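In what follows, a structure is listed as structure tokens, so that the remarks can point back to it.
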Number of protein chains: 2
Amino acid sequence: MNLSHPDAVPPGGAVERCRRLFEPAMREAVSALHPWGARMAAFALGWSDADGRPYNGDGGKGVRPTIAMLSAEAVGGTAESALQAAVAVELVHAFSLAHDDIIDHDERRRHREALWKAYGVGPALLTGDALLALAVGRLAARPEAMTYLSAALLELVHGQSADMAFENRPWSGPHEVTIAEYTEMAAGKTGGLLGAAAAAGVALGGAPELADRMWEAGRDLGVAFQIADDMLGIWGDPHVTGKPVHNDLRREKKTLPVLAALAGDGPAARELAAVLSSGVAGEESARQAARLVEEAGGRAAARAMADRYLASALEVLDECLPNAADLRTLCTGLVNRTR
Amino acid sequence: MNLSHPDAVPPGGAVERCRRLFEPAMREAVSALHPWGARMAAFALGWSDADGRPYNGDGGKGVRPTIAMLSAEAVGGTAESALQAAVAVELVHAFSLAHDDIIDHDERRRHREALWKAYGVGPALLTGDALLALAVGRLAARPEAMTYLSAALLELVHGQSADMAFENRPWSGPHEVTIAEYTEMAAGKTGGLLGAAAAAGVALGGAPELADRMWEAGRDLGVAFQIADDMLGIWGDPHVTGKPVHNDLRREKKTLPVLAALAGDGPAARELAAVLSSGVAGEESARQAARLVEEAGGRAAARAMADRYLASALEVLDECLPNAADLRTLCTGLVNRTR
């Protein structure tokens, strides 16, 4: 799940200005860690390779921090006013990737080894904890932002728990995972932190009264974002995404395209149900499942649902932050991306 | 490392009153988790066995929450005023045990399987994250307490990183671990959360001006506490501690009794250095090392150092909270314990 990538960030002065502020602040935050932890954090953040040499790879271009800073600017604050929130949300994001890769046994991340593959499970776990501790430290004295970061953390673990619990549930029958359950999971796992970025941004930028609505918009954006991610996991190019394709299908992840396909009642939906119930093992069977998901309408339904949730988020944005053109472009890019 | 146990808590009305407040608040906090996470958390907290049946074991008697609430009372506040801080520090403690057991490959905890042995590494990791998220949520809107909880988190990961890094360093020579480094590690890993409990307690109880001094006292208490723990790891009764004996020696943990023994220059110290440099493998060699640590004066030196750090913590306590007899008894009990 690569949630930060160059093509999601629109070009332009505002975004570049945010990045120039953000990067030194992020490095300063990480420099407070134990040297050993700082080295692993630098790998996790794409600043160095596993031996500690500088690395200029796809380390994530900071979608969440940009949202935080652009949100502050959109209510008349400075990007600096939201800088600590920007650092905090990016640190929480890095924490969640480090731990998720352990939990999901994912060996690759952004065209490189996952942190736990490079350093071992224990050190990677501790590095994740350290990133989270740093994040909390940024906002501990700012309750108007901390409450949203804290809510995002709870949503994150709740959503991740739901996602794991889904893997053990059947594809059909009374215990099947519903689209409503999926939506709730995605709003938490993916939307919470986007919501915290936007809410903390407006709160620190001087408009705390808008924070609750930005939080909700972030959750909607998260659903759209997660569906886009699900689609890349099935139809994305692994050379571009940096992650193996069809992983989700093989591990019985309850992704939206598959759930939507199974909700149909045509022959492709029935054939897909049969393939899934006997287990997707091997590349051939995964390819067949992917084809059936598309035939049964799962790809089109996923696209439509992502667009609907994006539109809902943009509606709030247009109402609360009418002059936030860069932010609008950024959100749209997140949902219409190729990696 | 069993840092909470019945005999550390003095009998008496105040402690019982704290416990009656604390337990329902703790259960209420955990009930907000995903049902699957709540079940694992209940196991980790000693409320249920691995199948979810009620369990009345040694789940930890809440030393940290008691410190928080007694500290609030000692400055004229109510125990209730520090209740959310009490819950938060206990949740952070449970988080750290869940993750430490994964990092250290410890299979036993409080006479039962460690969380990761019972449920797997991924689920245990996520449960730890969930406990931490709950903890942060308790104090997100209370910066006067949150700043100390946040500082404790950073100290915790820093100390744990230092402790892990020590394992790869030699017993002697220019790269040996010094007693000063050990002290810094223990003050962070063990003292930070004790300091946060006391500091948040007085801050929420109405005396934020005392919080910095309580924080420092907690760090000193942590050093004493950690040395007591090191001693139990060598000379404790595994039937009482619930953990295998001599683990630390076998894994080359840089514990204080061993560092103090090696600092001597008698024949026992030299023999100990030779045993350690060839590696402690097997029970026989561990027993020999334990005997040599004692002969070389490591046990007595550890006892003296623990007493010194305890005295330093109590001095601050006597000065800042002159009427906190229960708190004083509690701290003394922590350092003079058998499990």
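Counting only alpha carbon atoms, the long axis of helix B:192-205 and the longest principal axis of chain B meet at about 20°. Take each residue in B:114-122, count the other chain C-beta atoms within 10 Å of its C-beta, and the mean is 2.
Between copies, the label points at B:Glu113 (set 7 angstrom from Cα along Cα-to-Cβ) are spaced 2.9 nm, reported in nanometres from shortest to longest. An oblate overall shape is assigned to region B:6-335, the ratio a/c of its alpha-carbon gyration tensor axes (a ≥ b ≥ c) being 1.5 or greater and a/b not exceeding b/c.
Only lysines eight or more places from B:Lys254 in sequence, or on another chain, were considered; those with a Cα closer than 19 Å are B:Lys189, B:Lys243. Inter-part distance, region A:228-284 to region A:302-337, computed on C-alpha centroids, equals 26 Å. The angle between the Cα long axis of helix A:325-335 and the longest principal axis of the Cα atoms of chain A comes to about 30 degrees, rounded to the nearest 10.
Taking every residue in B:96-105 and counting other chain Cβ atoms within 10 Å of its Cβ, the average works out to 3. Between copies, the label points at B:Asn168 (set 7 angstrom from Cα along Cα-to-Cβ) are spaced 3.5 nm, reported in nanometres from shortest to longest.
Neighbour counts of C-beta atoms inside 10 Å place A:Thr178, A:Thr183, B:Thr127 in the sequence A:Thr178, A:Thr183, B:Thr127, starting with the fewest. Summary of the geometry: region A:119-146 and region A:179-209, compared by the centres of their Cα atoms, lie 19 Å apart. For peptide A:125-135, the mean count of partner chain Cβ atoms within 10 Å of a residue's Cβ comes to 6.
Kindly express, to the nearest 10 degrees and within the range 0 to 90, the angle between helix A:63-74's C-alpha long axis and the longest C-alpha principal axis of chain A. Roughly 50 degrees, rounded to the nearest 10. Is it possible to state the helix-based mean residue ellipticity at 222 nm for the protein assembly as shown, with each DSSP H run of 4+ residues giving -39500 (n - 2.57), the sum divided by total residues, to the nearest 500 deg cm²/dmol? What is it? My calculation for the protein assembly as shown gives -22000 deg cm²/dmol from helical runs alone. Sorting B:Phe225, A:Phe43 from the fewest to the most surrounding beta carbons within 10 angstrom yields A:Phe43, B:Phe225. With its label point defined 7 Å out from Cα along the Cα-to-Cβ axis, B:Asn336 lies at 7.4 nm from the matching points of the other copies, in increasing order. Structural descriptor for chain A: relative contact order 19 percent, calculated from alpha carbon pairs under 8 angstrom and at least 6 residues apart.
Packing, taken as the mean count of other beta carbons within 10 Å per residue, orders the peptides A:204-210, A:290-296, A:234-240 from highest to lowest as A:290-296, A:204-210, A:234-240.
Throughout, read-outs are computed from the coordinates displayed, never taken from laboratory work. Just so we're clear, the structure is a prediction, and the values are computed from it rather than from any experiment. In this analysis, Cβ positions are derived from the backbone assuming ideal geometry, glycine residues included, and neighbour counts consider all displayed protein chains.
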